[in-house]
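The values are calculated or read from the model by the stated rules, or taken from the named source; none is laboratory data. Please read all numbers here as calculations on a predicted model, not as lab measurements. FYI the Cβ positions are ideal-geometry reconstructions off the backbone, even for glycines, and counts take in every protein chain you see. Note: accessible area is taken over every heavy atom of the protein model, side chains too, but ligands, DNA and RNA are not part of it. Shrake-Rupley method; radii C 1.70, N 1.55, O 1.52, S 1.80 Å.
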Amino acid sequence: MSQKSAAYLHNQQREAIRQLARSWIWRSELPTWLLIITIYGGWFGVLACWQTLGLWPATLLLILFTAWYMSLQHELIHGHPTRYPWLNQLFGTLPLAVWYPYGLYRDSHLAHHRNHQLTLPDEDPETYYFSAERWRRFPRWQRRVIVLRNTFAGRVLLAPLLDIIGTLATMMQAFRKRDGRNIAMWLTHGALLALLFAWLQACGFSIVWFLLAVSYPALGITKVRSFLEHRADDEPLARSVINEAAWPWRLLFLNLNYHSVHHDLPGLPWYGLRKVYALYREEYQQRNRGFVVQGYREWLRRFLFAAVDVTAHPTSFAADRVSKDDD
């Protein structure tokens, strides 16, 4: 685990984690290796046998494995199961989820982990907040779309489409600016996607069905995890949620529901997050100022059709107001 980016509760916790990291399970990274085998074996196995399974059972299983694969990609980005980034990248480059090149996700996500800039518009590439100036310039229809996206239903059903549009715009920008590094990334992604589609056709599985009935719903499931995952707060360590979700969600999201712990200790392996949280539960809940939720059902109940207030960032709004007063 990276010592530079780790924010321990205290020296006792640092030593406790060092002891955990010396165990054979942690040193071997066996849980992550088994995860790689299970996800790849399950994804390709379901496709190979989908006619025996039936279309709908196969579709549901593919949605599950595709969403799980995106959780695995996150783990690979954070340095698991090996210490070699190039090797970890090999395990996550295949575009099973279609839309996002691994390199694009990696660069964006690592920039997101600058905790002192978390949620800040124009600084955090994964924030849902906007600067006050940008929010003010949005036409009314665009504000309505954003507010709709900020409901739980909108985040699951609409946000994947908006993300896909934004990702394709990023691709077009790379080609327009003749950005060699990013063009190479997109060409590699496209070539691997062509191979993946060829495999789908060889299995007799519709590419259109896969895009609409597998890939898109899988992206929607990932939006369950990221719903109100971060909030604007003057204390950076209080900006990430602790979601005490049930075990199926924890397994699917590889314990990223303990998001505050993950941002404090980004190098902690997925199977260590719950253990560390359980050891220091009260201290973490104090540290993030009670930003705790009792499972995703609570978000569903509170925000199914009600929008969470994630629009103009309050810090930028206040700065904008001060600037106007000075003028």
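Considering only residues in the range 131-146 that are of a type in the set (F, W, Y) and in a helix (DSSP H, G or I), the one that is farthest from D309 (Cα to Cα) turns out to be W141.
Please go through the range 257-281 and give me each residue that is within 19 Å of R231 (Cα to Cα) and open to solvent by 10 Å² or more (accessible area, probe 1.4 Å), ordered by number. The one that is within 19 Å of R231 (Cα to Cα) and open to solvent by 10 Å² or more (accessible area, probe 1.4 Å): P266. Taken over the range 201-223, the residue count meeting the criterion of being surrounded by 19 or more Cβ atoms within 10 Å (Cβ to Cβ), in a helix (DSSP H, G or I) and among the hydrophobic types (A, V, I, L, M, F, W, C) is 5. Contact map, the range 175-201: first residue on the phi < 0 side of the Ramachandran plot and without any contact (Cβ under 8 Å) to a residue 40 or more places away in the chain, second residue aromatic (F, W, Y) and crowded, with 16+ Cβ neighbours inside 10 Å, Cβ cut-off under 9 Å, separation 6 or more or different chains; pairs are F175/W186; F197/F210.
Taking the numbered list (1) crowded, with 19+ Cβ neighbours inside 10 Å; (2) over 25 Å from D233 (Cβ atoms); (3) in contact (Cβ under 8 Å) with a residue 60 or more places away in the chain in turn, F91 passes all entries but (3). When each of L228, L251, L279, L237 is tested for being within 21 Å of A21 (Cβ to Cβ) and either more than 15 Å from the chain's Cα centre (by Cα) or of a type outside the set (S, T, N, Q) (or both), the lone residue that passes is L279. Scanning the range 135-167 for residues that are in contact (Cβ under 8 Å) with a residue 60 or more places away in the chain and open to solvent by 70 Å² or more (accessible area, probe 1.4 Å) yields R136, R143, L148, L157. As for the range 233-254, it holds no residue that is open to solvent by 20 Å² or more (accessible area, probe 1.4 Å), touching a Pro at 6+ places or on another chain (Cβ under 7 Å) and in a helix (DSSP H, G or I). When the range 13-32 is examined, which residues are found to be in a helix (DSSP H, G or I), of a type in the set (D, E, K, R) and surrounded by 13 or more Cβ atoms within 10 Å (Cβ to Cβ)? Answer for the range 13-32, where residues must be in a helix (DSSP H, G or I), of a type in the set (D, E, K, R) and surrounded by 13 or more Cβ atoms within 10 Å (Cβ to Cβ): just R14.
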